[in-house]
Amino acid sequence: MSDARTTLLAELRAALPGDALLTCEEELRPYECDGLTAYRALPLAVVLPHTVGEVVSVLRLCRTHGVPVVARGAGTGLSGGALPHAGGMVLSLARFNRILEINPLARSARVEPGVRNLAISEAARPYGLYYAPDPSSQIACTIGGNVAENSGGVHCLKYGLTVHNVLALEALTIEGERLSLGGHAADAPGYDLLALLTGSEGLLAVVVEATLRLLPLPQCARVLLAAFDSVATAGNAVGAIIAAGVIPAGLEMMDRLAVEAAEDFVHAGYPRDAEAILLCELDGDEKEVAVALARVEEILKRAGASGLRVARDEAERQLFWKGRKAAFPAVGRLSPDYYCIDGTIPRSKLAEVLTRIAELSREHGLRVANVFHAGDGNLHPLILYDANTPDELVRAEALGAAIMELCIAAGGTITGEHGVGIEKINQMCVQFTPAELEQFHAVKRAFDPAGLLNPGKAVPTLARCAEYGRMHVHRGELRFPDLERY
Amino acid sequence: MDQDDHSETIAARVREAAAAHTPLMLAGGGSKHFLGRRVAGTPLAVGGHCGVLHYVPEELVLSARAGTPLAEIETALAERGQMLAFEPPYFGATATLGGTIAANLSGPRRAYAGAARDFVLGCRLVNGKGEILHFGGEVMKNVAGYDLSRLMAGAFGTLGVLLEVSLKVLPRPEAETTLVCEQDETSAIELMNRWAGRPLPLSATAWSEGRLYVRLSGPAPVIATAAAGLGGERLPQAEKFWSDLREHTSAFFTDPRPLWRLGLPVTAPPLALDGPEIVTWGGAQRWVKTGIPADQVRAHAAAVGGHATLFRPARDAPPAEDPFTPLTPALHHLHQRLKAAFDPAGILNPGRLYAGL
């Protein structure tokens with residue numbers, strides 16, 4: 001260990017209570033990765049501060065000694081954003097788990113960053129309110145991580161991403177300087193740093209408090225299941241619903257392989273003979289939902305749906321969703337390994353891109369199950385392969401690369417909601433030009449000139465781009481197998 | 001390339017200006033010229049860089065060059081039953097898309113649908129080095145890289161010259177109704193907040209001269225049910241009422257005193273600012289006509305956790321030196337470093353937002 005690091009640990013010991021510093025290997029091991037376990041690294045130490053003052057001390061000491069800091073919430077991220085820096089510090093915000101205030105009249109919640117996403121909606125429910133962004137890991141993931149990733153969920157088309165639902169942030173720079181961004185008052189003066197920090201993957205500042213917008217709970221929600229005899233028809237139906245002026249609360253699609261897998265796994269009542277199904281959820285006032293439901297049924301019939309069913313009650317609605325939410329593990333039962341892509345494309349390209357993915361699947365000789373947030377155009381193609389069969393991994397990677405390039409070529413993006421982290425850092429070289437990447441680096445330097453906050457993530461160096469390669473997610477290594485992933 | 005594409009010319013002008021350290025004053029339609037500080041710089045006309053590039057209603061996305069007249073965009077959307085849900089103010093027929101986003105101005109629907117910045121999906125811009133960069137895109141969910149396109153909203157052209165903007169658009173509501181009732185200001189603010197906590201189809205609220213206005217938008221039967229529950233009378237010519245409020249063409253705005261825009265927490269009580277006031281956005285925005293000194297207006301706003309912009313100076317008065325609420329030293333310093341990250345020579349609209357930016 002370098003002298004600087006030895007001194008840092010001694011100074012941290014002096015600055016923090018005994019239970020706030022972990023340094024021995026067995027204590028560090030649980031922090032070696034996040035939800036993406038293909039990448040692991042042991043940090044120098046983990047700090048678990050209790051107060052903002054202690055976080056300030058940690059940041060200042062790390063800054064003084066030039067030691068990298070990786071902030072960490074629940075560690076459920078899927079792109080390796082919280083992967084430790086070997087020889088660096090992991091700053092866990094797990095102890096910042098208090099809901100500080102629910103203001104029912106102003107419809108806001110002021111929370112510490114380690115508060116779980118779902119806990120906010122639970123605390124707001126007695127007031128008839130909830131927090132809208134609902135990433136699939138919401139039972140475990142924390143709001144600090146949601147801000148870092150700009151997390152989405154099933155309901156983003158209608159209710160927005162994290163960036164649309166955060167009113168204010170208190171954040172610390174690497175210098176330990178406190179910034180108050182946004183506020184209860186709309187349109188805070190100056191640059192929109194609230195938006196800049198949201199989705200910055202822990203590279204710009206450390207969030208120590210968030211004020212969130214709460215929405216009134218809708219009166220009712222109903223879901224409709226539509227079957228199609230081709231994915232292209234289903235893709236076009238998605239566009240038809242939206243063009244008709246309906247904004248569903250959720251609009252999800254699964255192809256035949258995913259439907260069959262989900263049926264085998266949870267018996268959701270999906271039609272096994274369909275090439276694709278759509279789940280369309282409508283929420284709001286009872287009358288409004290009834291009117292919209294009738295309209296959507298009409299649109300879907302015209303768009304060529306071969307079967308339509310509205311969940312008859314809440315139990316069946318939950319069952320329809322259960323199949324969708326179990327799609328990842330269900331597909332995982334079909335094959336020893338799968339590689340999950342997270343691209344977004346313009347909705348109007350859905351049919352075209354899905355058709356092309358099917359062709360690519362045949363060309364590469366690997367099955368692809370398509371499960372995705374159709375309303376947002378956010379695809380999660382799952383490439384099935386067996387790492388134990390010679391050359392299947394290579395073919396899976398080649399197919400994944402082709403699908404990502406297809407998303408970019410279709411005018412889309414390599415990541416809709418999982419973040420770049422370490423996982424997609426090479427694909428950033430495909431999506432952005434060197435000048436654009438350099439602009440990202442310049443923004444990073446404005447906040448963190450020494451490059452100590454989560455270095456090596458989210459934005460590749462130009463040198464790295466020169467060595468561009470592709471990586472994959474190994475199913476057996478997905479942590480938190482009990483968490484829903486969709 | 002068509003004749004309305006001036007991207008390369010604009011980029012070249014910026015490169016020349018950067019090399020010569022000559023400040024540029026970005027000039028679109030000039031409709032928001034009154035807002036913000038004066039820029040001493042060579043005008044860089046960007047209004048000619050115009051045209052809707054891509055609009056597919058099924059995608060809920062419209063992309064257009066920054067110089068495209070806002071009216072042209074809203075007309076194209078209306079033809080397909082869609083709209084800009086942030087209901088942007090024009091403040092003049094020459095308003096362009098670029099200026100609308102650069103100023104991050106939103107209209108009555110903002111409290112219920114979102115601000116201009118909430119609808120930005122992506123943009124092409126020229127940074128202060130004269131490089132053409134593209135951030136974000138035309139898709140709803142995109143977390144690749146920092147959200148630099150949204151950062152352009154409200155930056156008043158000090159970080160980059162907008163070339164193209166992609167916006168999320170939404171269907172127009174089937175029907176709209178505005179209700180009005182007599183109400184004192186304090187009760188009106190409380191009611192606006194209570195209503196917003198219920199699943200009602202609200203799309204605008206305002207209080208002015210002892211009257212509370214609420215606009216409902218959505219399918220007709222839903223509006224009918226909600227209207228029956230809220231009470232009040234239907235306001236005739238409601239569209240004109242909201243557009244006058246949005247465009248500052250109602251009688252209130254003819255008062256010669258300075259016009260202040262206060263951004264306040266939604267539940268903040270009425271402030272004693274010695275002048276007439278209009279409450280909008282469910283309590284979040286208050287327009288005040290007052291002659292009391294700027295520091296006093298700002299102190300009142302700050303005391304309740306808000307901020308105050310001198311939106312228009314007094315009639316015939318020179319432009320204000322500090323129209324926007326000053327930043328804390330820590331934030332100001334960060335703003336300067338960000339400005340330098342985009343515009344190292346400091347040539348893009350220098351000083352439009354704050355001195356030294």
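The values are calculated or read from the model by the stated rules, or taken from the named source; none is laboratory data. Note that the structure is predicted; figures quoted are calculated from it, not measured. Backbone-built Cβ (ideal geometry, glycine too); neighbour counts: all protein chains shown. Side chains are part of the model used for accessible areas, which takes the heavy atoms of the whole protein and leaves out ligands, DNA and RNA. Shrake-Rupley method; radii C 1.70, N 1.55, O 1.52, S 1.80 Å.
Normalising by the residue count of chain A, find the relative contact order in percent from Cα pairs under 8 Å and 6+ residues apart.
On the way: 1068 pairs, mean separation 76.3, N = 486.
Contact order relative to length: 16 percent.
For segment B:331-354 and segment A:102-125, what is the separation of their Cα centres, given in Å?
When both Cα centres are located, 35 Å separates them.
With a 4.7 Å Cβ cut-off, tell me which Cys residues in chain A come up empty for a partner.
Cys with no partner Cβ under 4.7 Å: A:Cys24, A:Cys33, A:Cys62, A:Cys141, A:Cys156, A:Cys220, A:Cys280, A:Cys340, A:Cys407.
Computed FRET efficiency, Cβ-Cβ of A:Asp229 and A:Glu27, R0 60 Å: what is it to the nearest 0.05? Show your work: numbers first, answer last.
Working: r = 56 Å, r/R0 = 0.93.
It comes to 0.60.
So if I restrict to the alpha-carbon atoms in the protein assembly as shown, what is the Rg, and what is Dmax, the biggest pairwise distance, in Å?
Cα radius of gyration and Dmax of the protein assembly as shown are 26.3, 81 Å respectively.
Holding the Cα-Cα limit at 28 Å, pick out from A:Lys158/A:Lys325; B:Lys32/B:Lys129; B:Lys32/B:Lys339; B:Lys240/B:Lys339; B:Lys32/B:Lys240; A:Lys349/A:Lys444 the pairs that are longer than that. Walk me through the numbers on the way to the answer.
Values: A:Lys158/A:Lys325 19 Å; B:Lys32/B:Lys129 25 Å; B:Lys32/B:Lys339 21 Å; B:Lys240/B:Lys339 40 Å; B:Lys32/B:Lys240 21 Å; A:Lys349/A:Lys444 34 Å.
Correct reply: B:Lys240/B:Lys339; A:Lys349/A:Lys444.
How far is helix A:256-266 tilted off the main Cα axis of chain A, in degrees rounded to 10, range 0 to 90?
Roughly 80 degrees, rounded to the nearest 10.
Can I get the semi-axes of segment B:279-357's equivalent ellipsoid? Compute them from the C-alpha gyration tensor as square roots of 5 times the eigenvalues, in angstrom, largest first.
On the way: eigenvalues 141, 54, 27 Å².
Gyration-tensor ellipsoid for segment B:279-357: 27, 16, 12 Å.
Using a 1.4 angstrom probe, figure out how much accessible area the protein assembly as shown has per residue, in square angstrom, rounded to the nearest whole.
Values: 29200 Å² over 843 residues.
Here the per-residue accessible area is 35 Å².
Report, to one decimal in Å, the Kirkwood hydrodynamic radius for chain B based on all distinct Cα pairs. Could the numbers behind the result be given before it?
Numbers: mean 1/r = 0.0470 Å⁻¹.
Mean inverse Cα-Cα distance, inverted, gives 21.3 Å.
If you plug each phi of segment B:140-151 into the Karplus form 6.51 cos²θ - 1.76 cosθ + 1.60 with θ = phi - 60°, what whole-Hz ³J(HN,Hα) values come out, in order, with x for Gly and Pro?
For segment B:140-151, the Karplus curve yields 6, 10, 7, 10, 7, x, 5, 7, 6, 5, 5, 4 Hz.
Tell me, what does the Kirkwood hydrodynamic radius of segment A:373-426 come to in angstroms if you use every pair of distinct C-alpha atoms? Please report the intermediate quantities before stating the final value.
Working: mean 1/r = 0.0803 Å⁻¹.
Hydrodynamic radius (Kirkwood, Cα only) of segment A:373-426 equals 12.4 Å.
For segment B:87-198, what value does the Rg/Rh ratio take when both radii are computed over Cα atoms and Rh is the Kirkwood radius, given to two decimals?
Details: Rg = 17.5 Å, Rh = 16.2 Å.
Ratio of gyration radius to Kirkwood radius for segment B:87-198: 1.08.
With +1 on the Cβ of every Lys and Arg and -1 on the Cβ of every Asp and Glu, and nothing else charged, how large is the dipole of the protein assembly as shown about its Cα centre, in debye rounded to the nearest 20? Can you show the working numbers first?
Details: 78 positive and 94 negative charges, 212 e Å.
The dipole magnitude comes to about 1020 debye.
Pick out, from A:Thr162, A:Ala258, B:Leu357, the residue whose Cα sits farthest towards the positive end of the charge dipole of the protein assembly as shown, with +1 on the Cβ of Lys and Arg and -1 on the Cβ of Asp and Glu.
Value computed over the given set: B:Leu357.
Charges on Cβ only, +1 for Lys and Arg, -1 for Asp and Glu, centred on the Cα centroid of chain A; of A:Ala221, A:Asn103, A:Pro135, which one is farthest towards the dipole's positive end?
A:Asn103
Putting +1 on Lys and Arg Cβ atoms and -1 on Asp and Glu Cβ atoms, find which of B:Gly114, B:Leu167, B:Val139 reaches farthest to the positive end of the dipole of segment B:113-190.
B:Val139
Whole-Hz ³J(HN,Hα) for each residue in segment B:192-204, computed from phi via Karplus 6.51 cos²θ - 1.76 cosθ + 1.60 with θ = phi - 60°, x for glycine and proline: what do you get?
Calculated HN-Hα couplings, in order: 4, 6, 5, 4, 5, x, 10, x, 9, x, 5, 9, 5 Hz.
Going by accessible area, probe 1.4 Å, with all protein chains left in place, what is the ranking of B:Leu62, A:Leu319, largest first? Write out the running numbers ahead of the final one.
Working: B:Leu62 0, A:Leu319 60 Å².
I get A:Leu319, B:Leu62, largest accessible area first.
Grab the beta carbon distance between B:Gln237 and B:Thr75, set R0 = 35 Å, and tell me the FRET efficiency rounded to 0.05.
Values: r = 22 Å, r/R0 = 0.62.
According to the calculation, E is roughly 0.95.
Which FRET efficiency value, to the nearest 0.05, do you get for A:Arg272 and A:Asp391 by plugging their Cβ-Cβ distance into 1/(1 + (r/R0)^6) with R0 = 22 Å?
0.10
Is the shape of segment A:93-214 rounded, prolate or oblate, going by the alpha carbon gyration tensor and its root eigenvalues a ≥ b ≥ c, with a/c under 1.5 for rounded and a/b larger than b/c for prolate? Spell out each step's value before the answer.
Numbers: a/c = 1.40, a/b = 1.32, b/c = 1.06.
Rounded shape, in that the Cα axes give a/c under 1.5.
Round to the nearest 10 and give me the degree value, 0 to 90, for the angle of helix A:286-302's Cα axis relative to the longest principal axis of chain A.
Between helix and principal axis, roughly 60 degrees.
Return the whole-Å distance between the Cα centroid of segment A:167-236 and the Cα centroid of segment B:52-87.
If we compute the Cα centre of each part, the gap is 24 Å.
With θ taken as phi - 60° and the coefficients 6.51, -1.76 and 1.60, list the Karplus ³J(HN,Hα) couplings across segment B:292-308 in order, rounded to whole Hz; mark glycine and proline as x.
Rounded to whole hertz, the list is 5, x, 4, 5, 6, 4, 5, 5, 4, 5, 5, 4, 10, x, x, 9, 9.
Per DSSP H run of n ≥ 4, the term is -39500 (n - 2.57); total these for chain B, divide by its residue number, and report the mean residue ellipticity at 222 nm rounded to 500 deg cm²/dmol. Show your work: numbers first, answer last.
Numbers: 10 runs with 95 residues, N = 357.
About -7500 deg cm²/dmol.
With angles folded into 0 to 90 degrees, how steeply does helix B:7-20 sit against the dominant principal axis of chain B? Use alpha carbons for both and round to 10.
70
List the relative contact order of segment A:1-160 as a percent without decimals, with contacts defined as Cα pairs under 8 Å and 6+ residues apart. Provide the component values of the computation, followed by the final result.
Working: 291 pairs, mean separation 29.3, N = 160.
Here the relative contact order equals 18 percent.
Restricting to Cα pairs below 8 Å that are 6+ residues apart, what does the relative contact order work out to for chain B? Please round to a whole percent.
Numbers: 760 pairs, mean separation 69.3, N = 357.
Relative contact order comes out at 19 percent.
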